Structure formats: structure tokens, C-alpha cells
1. Kyte-Doolittle cut-off 0.5, length cut-off 20 Å along the helix's own axis using Cα: show which whole DSSP H helices in the chain pass.
2. Can you give the calculated 222 nm mean residue ellipticity of the chain, where each DSSP H run of n ≥ 4 adds -39,500 (n - 2.57) and the sum is split over every residue, rounded to the nearest 500 deg cm²/dmol?
3. Please report the carbon-and-sulfur percent of the accessible area for the range 177-219; probe 1.4 Å, protein heavy atoms only, DNA, RNA and ligands left out.
4. Considering only protein heavy atoms, what per residue accessible area in square angstrom results for the chain with a 1.4 angstrom probe?
5. Could you work out the Rg to Rh ratio of the range 40-180, with Rh taken as the Kirkwood radius (inverse of the mean 1/r over all Cα pairs)?
6. Pick from THR78, THR239, THR215 the residue whose mean-square fluctuation is largest in a GNM of the chain, springs joining Cα atoms under 10 Å.
7. Anyone know which of SER243, SER20, SER63 comes out most mobile in the 10 Å Cα GNM of the chain?
8. Looking at the chain, what % of the alpha carbon pairs are farther apart than 35 Å?
Amino acid sequence: MSLKNWLSRLGAPLRDYIESIGFGARTFGAMLGLSPGLLKRPRLVVEQLHFIGNYSMLIITLSGLFVGMVLGLQGYYTLNKYGAEQSLGLLVALGLTRELGPVITALLFAGRAGTSLTAEIGLMKAGEQLSAMEMMAVNPIQRVLAPRFWAGALSVPLLASVFSAVGVLGGWLVGVQLIGVDDGAFWSQMQGGVDIYKDIFNGFAKSVVFGIAITFIALYQGYEAQPTPEDVARATTRTVVISSLMIWWLDFMMTALMFSK
């Protein structure tokens, strides 16, 4: 193999990757620039908020309940060794608001709503619906992508709040009602140890960033996919993989910045 061919094979994937980053940045910028137009048609966002957020409520609620119950059970066994079982409420609340609530909600959202968004956009592209919009002088980024983007960005923080609240209830059911931890100590330790800004607000900020990242990845994968059933299926898989890795990376970076002091 000649040096020219070797360099060509080496540079082609890098070139495609750089082009993909550039196209993604341009799409993201165009979507933000066209978003003010949605103020004239807020119903587009509300409809997508119902489709994305409301239909994800069941899996988020049930998952939050069981995660809180497991966290309460495991937390009690650990704290009981040191005679600190009265701090169970604090442990459950901190674990949910800081980490488990935003992260697990984002992962579930990527698997449920993210794949749905990618498949929907990909099928619209395969069915030439996006091309038809362009022929009618309708910008598909403003009409299709932007409403779904803002609906997803709003849904994840709300769902994460529900997840954490239901998880605390699950921890209370196991710790107080099942095991017998003092009810007053459970809630007083939680109220005294959870800081609104450092714990609740930072966890909420994580979920906002996760929502923006997941929704854009899902929309971009569907918008970039080739108009074939096979590539739409691959784009749906890429949405889950890339979103999951992005969630863990962002969680590490934000945790290092938020809780390092």
C-alpha cells in the first residue's frame, strides 16, 4: 500500500468526524436562532412536551419508587453497622437529588424518548416529509426540530424532580414503615442536612444540561441519518450509546465542578 493510500484511509474517518461536528454545531446554532419564532406558536412545544414528558412519567415514577426503596434498604444496612440509622433520610435525599435522580432519569429518558425522537425524525426524512416542507418554504429545523428540542430540554428537569420526590417516598416506606426507623428523625435529618443550593439546585442544573444534550443528540442522529430503514435503525442505536456516554461524562465533569469546594 502506498503512503498516499495509507494517509487517505487514515484521514477519511477523521475528516468525516470533523464534518459531523461542524454540521452538528451549525444545526444547533440554527435551531437556537430560529427558536424565538416558537413564541408565536407555543402549542407546538406544548404538544411535544405532552408526547415526550407525559408519556415518560410512568417509567420515571416507578423507577424512582423502586430506586428509593432499594437505596433505603441498602442505606439502612450500612448505617446500622455504625449506629447511624437515624440519618437514613439524609442519605436517601442526598443520593437522589445529587446523583441518582438526574442521572437515572436522563438514562431512562434517552432510552424511551430519545430513541422515539430519532426514529420519528429519521422516518420523516425517509418519507421525504422534511424535503416536502422545504419545497413549501417551511424550515424543518424551526417547524420540527426546535419544538422537540425545547420540549425535551424542559421535560428532563421536571421528570428528574418527580424521580427524586418519589424516590424519597420509597426510602421512607422502606425505612420508616417497613424497618421501623423513627419517622421524626428520618425527616428532620433530611431537612437539616440537604442544602437547597448545593444539593437541590445543583442536581436540577445537572438535569437541565442532560436534557439539552440528550434531546439534541437524538434529533441530530435522526436528522443526519440516511433515508433508509437500516440507517434509521442504526441512528436509533447510536442515540442510546452516545447519550449514555455523554451523560456519564457530563456527570463527572459537573460533579467535579459543583462539589469540589
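1. Values: long enough: 3-34 (46 Å, 0.27); 57-80 (34 Å, 1.39); 146-172 (40 Å, 1.23); 202-224 (33 Å, 0.86); 229-258 (42 Å, 0.72).
Passing helices, by number: 57-80, 146-172, 202-224, 229-258.
2. On the way: 11 runs with 193 residues, N = 261.
Taking each H run of at least 4 residues, the total per residue is -25000 deg cm²/dmol.
3. 63 percent
4. Working: 13920 Å² over 261 residues.
The answer is 53 Å² per residue.
5. Values: Rg = 20.2 Å, Rh = 16.9 Å.
A ratio of 1.19.
6. Among THR78, THR239, THR215, the largest GNM mean-square fluctuation belongs to THR78.
7. Among SER243, SER20, SER63, the largest mean-square fluctuation in the Gaussian network model of the chain belongs to SER20.
8. Values: 9745 of 33930 pairs.
Considering the chain, 29 percent of its Cα-Cα pairs are separated by more than 35 Å.
The values are calculated or read from the model by the stated rules, or taken from the named source; none is laboratory data. Here the structure is a predicted model, which means the values were calculated and not measured. With ideal geometry, Cβ positions are generated from the backbone for all residues, glycine too; neighbour counts draw on all protein chains shown. SASA here: full protein model, heavy atoms, side chains in, ligands and nucleic acids out. Shrake-Rupley method; radii C 1.70, N 1.55, O 1.52, S 1.80 Å.
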